[in-house]
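To start, the structure under review is shown below, and the notes come after it.
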Amino acid sequence: MDIASPCSTTLVGHPSHMFISVVNTILTSQCLLSPKNLFTNDCGAQLKDGDEFDFIVVGAGSAGSRVASRLSENPNWKVLLLEAGGYPSPSTEIPATFFGLAKSEEDWSYDIELNSTACLGLKDKKCFCPRGKTLGGSSSINGMLYLRGNRKDYDAWANDGNVGWDYDSVMQHFRRIEDLQGVEDERYGKGGDLKLTSYANPQPIRKGLIEAYNELGYGKYDEEKPMGYFDALTTIWKGTRYSAAKAFLAKAKERKNLYVSINSQVGKILVDEDLSVTGVEVRINDRVVKIRSRKEVILSAGSVNSPQILMNSGIGPETHLKEMGIPVVKNLKVGQNLQDHMLLTGLMYNVDDNAFLPKTPDDVIDDWYQYFRHQTGPISLTSIENFLFFVNPKHKTQYPTVQLYYAMLYKNDLYGGLKIAQHAYNHPDEVIEIQNENNKKSHNVLLIPSISYPKSIGQILLRSSDPYDKPKIFTNYLSDPNGEDIQVFLEGVRFYQNLTRTKAFSSYNPKLVHIDLKNCRKFEPDSDDYWKCSITNMATTVYHLIGTCKMGPKTDPNAVVDPRLRIHGMKGIRVIDASIMPKIISCNTNGPTMMIGEKGASMIYEDWQGSGKL
């Protein structure tokens, strides 16, 4: 794009040289954002049929990055990391614009299959399903909030027979990866590879929310007492995203025994007659080659692609594999048990100017300059606020059922966040029109409830026998037979509405914007029936898909992997990613997935200690 000067006259001499220097500095700053030089050079072009490695890790996401890095700490092990995507672009680095990464080159661009119980009011009735396709995986496109979950989350896993996965046991693995910055908190790790930062947004509305929560009788959140408000830690460091790739792979860049191949999509694993896995079949750009593993293949491709690879290899539900014409190698419930958190963006409030710090369009230009030059200011913070709240609207003393987010929208969409979010959530035209009209009148706050423990269960199925075809993602949102998910959503809506009626929040003069959904016009605005209709029309993913290679003991007929993450009845293969979670945890899943990577790598060391445990 050519940029023409709007001025009738121009600078000359030294001022002109300095002006050009400033412009060049700004242009160069986007190059400095690129994280590509942090990582090992791509070895894909050198890989050929029959090449052997001790370990092959499939997927360089939140878990896979950690697994590959940890295994390569042993200089006697030759480790290959295969990633279907490429290097992260500079756009992934900017925290405030992460919503814009949906449907980008770093996203698999999956859509959830049409559902009779959810997403009914979105464009083409489609919920998007963002999944990271780049080094760092979904940690390179997510909202950068770092949470660990509460005691109930993990003790429930252990109580189902997953020995070693109780809360106290997994906390030590969290602390091993963590490097908490700027604050002292003995509950978190120091000296690990993952930089964690905390901040308190100076916006007036955050203080108002604290006072409103206090007015309703709530205090601060704690993992042991998991109800209340807090400023979540973030995976942001020095103003840029600190993905799993940055945290774990960058430090391994100089290791000669770690090989990283990008644009390398694994289609199948290779299985011998005795159910021993001996390698993978991988498409590297336009070549398909077979790579051998001497010890193990580790699937860390995520809750969509790990089950897809297994089913393409004949490991999965017998009936479905036969329908696809794929010979059955092992009949297991692969692809089942899919769970995800959902959120609702339908609570939009107009608020007075006193809710936000004053901003002008010129201020926003200054903010972008500040970011590109120094990686500081509002653009260096995630656009989904890190000030969170957990609540059970029915019982103050029990575990939470709802997680509450909020997002700020300046009048006239100064930062462009409303437009980006409307695209990311696939909003229909009538919603966009109403939101835009109200945003022209005043500042807005989006109050966003998310259900913590959804009951609805979905599945991943193959679309065809082509291993590189997109799989089918059936989330079955809001389909639980007793309607508990919709009811919990409704309780979250009503809780947030009560919050806006407190004395503290009323000082912003909040006015609920009625979203006139076409499918819900037969219901009275703000009635329970209207909100239930709104939920089935507008609620969508929080990017937290888990569970499709369920962990469980041998006695669990639905389990795919055992508590040491080995596939039941097979040799030389593990699954180490979010797909092994037997039950969804109460909160954001990125931190726990990295913990799974650390714990899984530790198990590999324990099981191969005769080959040189560090």
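Pairs with C-alpha atoms separated by more than 20 Å, drawn from the list 152/207; 48/78; 103/126; 36/251; 133/256; 195/238, are 152/207; 133/256. Sorted ascending by nearby beta carbons within 10 Å, beginning with the fewest, 38, 490 become 38, 490. Counting neighbouring Cβ atoms within 10 Å and putting the fewest first, the residues 10, 548, 97 line up as 10, 97, 548. When 448, 576 are sorted by how many other C-beta atoms sit within 10 angstrom of their C-beta, beginning with the fewest, the order is 448, 576.
Computed over the chain, the Cα gyration tensor eigenvalues convert (square root of 5λ each) into semi-axes of 39, 31, 23 Å, ordered from largest to smallest.
A Förster radius of 22 Å combined with the Cβ-Cβ distance from residue 433 to residue 526 puts the calculated FRET efficiency at roughly 0.65. Here the chain is treated with +1 on each Lys and Arg Cβ and -1 on each Asp and Glu Cβ, and its dipole about the Cα centre works out to around 680 debye. Stretching residue 292 away from residue 506 to a fully extended chain increases their span by 70.6 nm, per 0.36 nm per residue minus the current alpha-carbon distance. By the combined test of axial Cα extent (at least 20 Å) and Kyte-Doolittle hydropathy (mean at least -0.5), the qualifying DSSP H helices of the chain come to 13-33, 484-500, 590-607.
State whether the stretch 364-507 is rounded, prolate or oblate according to the following rule on the C-alpha gyration tensor (a ≥ b ≥ c being the square roots of its eigenvalues): a/c under 1.5 gives rounded; otherwise a/b larger than b/c gives prolate, and the remaining case gives oblate. Since a/c reaches 1.5 but b/c is at least a/b, the shape of the stretch 364-507 is classed as oblate.
Candidates 77, 199, 142 compared by Cα position along the dipole of the stretch 61-201: farthest toward the positive end lies 142, with charges placed on Cβ. With Cα atoms defining each centre, the stretch 561-602 and the stretch 516-538 are spaced 39 Å apart in the structure. The residue 19 and residue 369 beta-carbon pair, evaluated with R₀ = 22 Å, returns a calculated FRET efficiency of approximately 0.95.
In this calculation the C-beta distance from residue 166 to residue 274 is compared with R0 = 45 Å, giving a FRET efficiency of 0.85. Simple spin-label estimate for residue 469 and residue 45 gives 3.4 nm between the two label positions (7 Å along the Cα-to-Cβ direction from each Cα). Summarising the label geometry, the points placed 7 Å from Cα in the beta-carbon direction at residue 76 and residue 484 lie 4.9 nm from one another. Using only side-chain charges placed at the Cβ, +1 for Lys and Arg and -1 for Asp and Glu, the dipole size of the stretch 1-71 relative to its Cα centre rounds to 320 debye. Length available on full extension from residue 322 to residue 220: 0.36 nm per residue minus the Cα-Cα distance, which gives 31.4 nm.
The stretch 89-153 and the stretch 448-489 have Cα centres lying 15 Å from one another.
Report, for the chain, the % of DSSP beta bridges that are antiparallel, rounded to 5. Roughly 65 percent of the DSSP beta bridges within the chain come out antiparallel.
With bins 10 Å wide beginning at 0, the percent of Cα pairs of the stretch 257-339 falling in each bin runs 17, 48, 30, 5, 0.
For the stretch 510-610, trypsin sites (Lys or Arg not before Pro) meeting the loop criterion (DSSP other than H, G, I, E, B) and having at most 11 other Cβ atoms within 10 Å: 521, 522, 554.
About its Cα centre, the dipole of the stretch 493-533 is roughly 100 debye, where the only charges are +1 on Lys and Arg Cβ and -1 on Asp and Glu Cβ.
Computed over every Cα-Cα pair of the stretch 365-409 and binned at 5 Å starting from 0, the pair-distance distribution P(r) comes out as 5, 20, 16, 13, 13, 8, 8, 7, 6, 3 percent.
Work out, step by step, the length gained on full extension between residue 187 and residue 126: first 0.36 nm times the residue separation, then minus their alpha carbon distance; give nm to one decimal.
Answer, rounded to one decimal: 17.9 nm.
Considering helices alone, the calculated mean residue ellipticity of the chain at 222 nm is -8000 deg cm²/dmol, with DSSP H runs of length four and up weighted by -39500 (n - 2.57) and normalised per residue.
Put a dot 7 Å past the Cα of residue 38, heading toward its Cβ, do the same for residue 555, and the two dots end up 4.5 nm apart.
Just so you know, all these numbers are worked out from the coordinates, no wet-lab data involved. Note that this is a predicted model, so its numbers are computed, not measured. So basically every Cβ, Gly included, is an ideal-geometry build from the backbone, and we count neighbours across all protein chains shown.
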